[in-house]
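> Would you mind keeping the following structure in view while I ask a few things?
The values are calculated or read from the model by the stated rules, or taken from the named source; none is laboratory data. Just so it is clear, the model here is predicted, and its values are computed rather than measured. Here the Cβ positions follow ideal geometry from the backbone for every residue, glycine too, while neighbour counts run over all protein chains shown. Note: areas computed on protein heavy atoms with side chains; ligands, DNA, RNA excluded. Shrake-Rupley method; radii C 1.70, N 1.55, O 1.52, S 1.80 Å.
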Amino acid sequence: MAELTFHDRSDVPKWRVFEGYEVRPGTSTGSGGDLVWSVSPGEWTALGGQPDGEVVDLTHVRSMFRLTGEQAATLINRVCALDLDDGMFPSGAAARTLFAGVVTELVRDDVDGAPSYLILPSRSFGTYLRRVIEDAGAEFQLRLDQVR
């Protein structure tokens, strides 16, 4: 079975931006640390350094996890009803959805050709969702990063 990894990336700076991007809702652009996406008109989320213009720092408001591997979509679909088929949710797709009952932003951002998803719940639900993913990932031999 191909490796499935889970990393807590909550420390990456995250910004809500209200102007300056042409990224359509439901999509993202960039990769890794320089990623911007939108899940609603007129609002964008950016990772990395502080963008210009009117922004709100989300770093301490949002947790962020990265789940990577061929079985990532199968694991996510244990707790989320979003259709993650490549034709419906390819790399670059973004959505706001319910993930184990929690409103969460989900961004597909493939890494080195492997399916990879960023999962961004409210920080207050971070520990809960981490445990949900750990439990759902047990059958996939999910490899976890160090607990912070």
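> Sort out for me the strands (runs of 3 or more DSSP E) sitting completely within the range 52-145 that have 2 or more residues that are closer than 26 Å to residue 17 by Cα and open to solvent by 50 Å² or more (accessible area, probe 1.4 Å).
Correct list: 55-57, 94-99.
One line per residue, one yes/no per condition, for (1) touching a strand residue (DSSP E or B) at 6+ places or on another chain (Cβ under 9 Å); (2) among the charged types (D, E, K, R); (3) without any contact (Cβ under 8 Å) to a residue 24 or more places away in the chain:
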{"position": "3", "(1), (2), (3)": "yes, yes, no"}
{"position": "14", "(1), (2), (3)": "yes, yes, no"}
{"position": "27", "(1), (2), (3)": "yes, no, no"}
{"position": "30", "(1), (2), (3)": "yes, no, yes"}
{"position": "34", "(1), (2), (3)": "yes, yes, yes"}
{"position": "44", "(1), (2), (3)": "yes, no, no"}
{"position": "50", "(1), (2), (3)": "yes, no, no"}
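> Select from the range 33-51 the residues that are buried (at least 17 other Cβ atoms within 10 Å of the Cβ) and among the small types (Gly, Ala, Ser) and list them in ascending order.
38, 46
> Output the residues belonging to the range 9-32 that are out of contact with any Gly (no Cβ under 8 Å at 6 or more places or on another chain) and surrounded by 15 or more Cβ atoms within 10 Å (Cβ to Cβ). Can you show your working first?
The first filter runs over the range 9-32 and keeps only residues out of contact with any Gly (no Cβ under 8 Å at 6 or more places or on another chain), leaving 9, 11, 14-16, 21-26, 30-32.
9, 14, 15, 16, 21, 23, 25, 26, 30, listed by residue number.
> Which residue out of 39, 12 is more than 20 Å from residue 134 (Cβ to Cβ), out of contact with any Phe, Trp or Tyr (no Cβ under 8 Å at 6 or more places or on another chain) and assigned to a strand (DSSP E or B)? Full working, then the answer.
Values: 12 fails: assigned to a strand (DSSP E or B).
Answer to the selection: 39.
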